[in-house]
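The values are calculated or read from the model by the stated rules, or taken from the named source; none is laboratory data. What you see is a predicted model, and the numbers here were worked out from it, not measured in a lab. Here the Cβ is made from the backbone with ideal geometry for all residues, glycine too, and neighbour counts use every protein chain on show.
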Amino acid sequence: MPKLPDTLTIGEVADRSGVPHTALRFYEERGLIESERTSGNQRRYPRAVLRRLAFIRTAQRVGLSLEEIRDALANLPGGRTPTKSDWARLSHSWRGELDARIDALSRLRDRLTVCIGCGCLSLKSCTLANHDDRLARLGPGAPGLKASSEGGI
């Protein structure tokens, strides 16, 4: 079996990761991933970038912002491929945030099921209704749908 190359072209990374070239450039501009340049100014990515990209895409799917992802990735070691314990430490730091998001989404799902089920026949008790904009004091957005720790659901 031939030895795998230590670096990959942008096309190889796009093909292997399923992340478009444009997104790779965007992630690089935002400091999420890094590449080196050849003498011909072509990008070369370390093979470990594939793990980072899998992590970035997964974190985005659960609703984490690129800033949160970048900050977390900044805690990984530079100059070497992160180990299993490095990744475990990073994911552990997000556990509370992810649990809170899961809880909020579960409450939202349950509240919407009740709301849709009622057919909006009871606007006096509906948590989504905002008669006379009385919820404006709670800030922008839909305060009735925010997590209970924020004064909603």
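Regarding Gly78, is this residue part of a loop (DSSP other than H, G, I, E, B), modelled with pLDDT of 85 or more and of a type in the set (Gly, Ala, Ser)? It is false that Gly78 is part of a loop (DSSP other than H, G, I, E, B), modelled with pLDDT of 85 or more and of a type in the set (Gly, Ala, Ser).
Inspection of segment 48-64 finds a residue satisfying the criterion of being surrounded by 13 or more Cβ atoms within 10 Å (Cβ to Cβ) and more than 19 Å from the chain's Cα centre (by Cα). For segment 15-26, taking the residues that are small (Gly, Ala, Ser) and part of a helix (DSSP H, G or I), the one that is surrounded by the fewest Cβ atoms within 10 Å (Cβ to Cβ) is identified as Ala23.
Residue by residue, here is whether (1) buried (at least 19 other Cβ atoms within 10 Å of the Cβ); (2) acidic (Asp, Glu); (3) within 22 Å of Ser91 (Cα to Cα) holds:
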| site | (1), (2), (3) |
| --- | --- |
| Pro2 | no, no, no |
| Val13 | yes, no, no |
| Glu28 | no, yes, yes |
| Ile33 | yes, no, yes |
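Check whether at least one residue in segment 41-50 is over 24 Å from Pro77 (Cα atoms) and at pLDDT below 95, and report yes or no. Taking every residue of segment 41-50 in turn, at least one turns out to be over 24 Å from Pro77 (Cα atoms) and at pLDDT below 95. The residue list Arg134, Arg107 contains one member that is in a helix (DSSP H, G or I), at pLDDT 80 or above and not assigned by TED's automatic domain parsing to the domain that holds Gly63, which is Arg107.
Consider segment 38-74 and keep the residues that are in a loop (DSSP other than H, G, I, E, B) and of a type in the set (Val, Ile, Thr). The one that is farthest from Leu90 (Cα to Cα) is Thr38.
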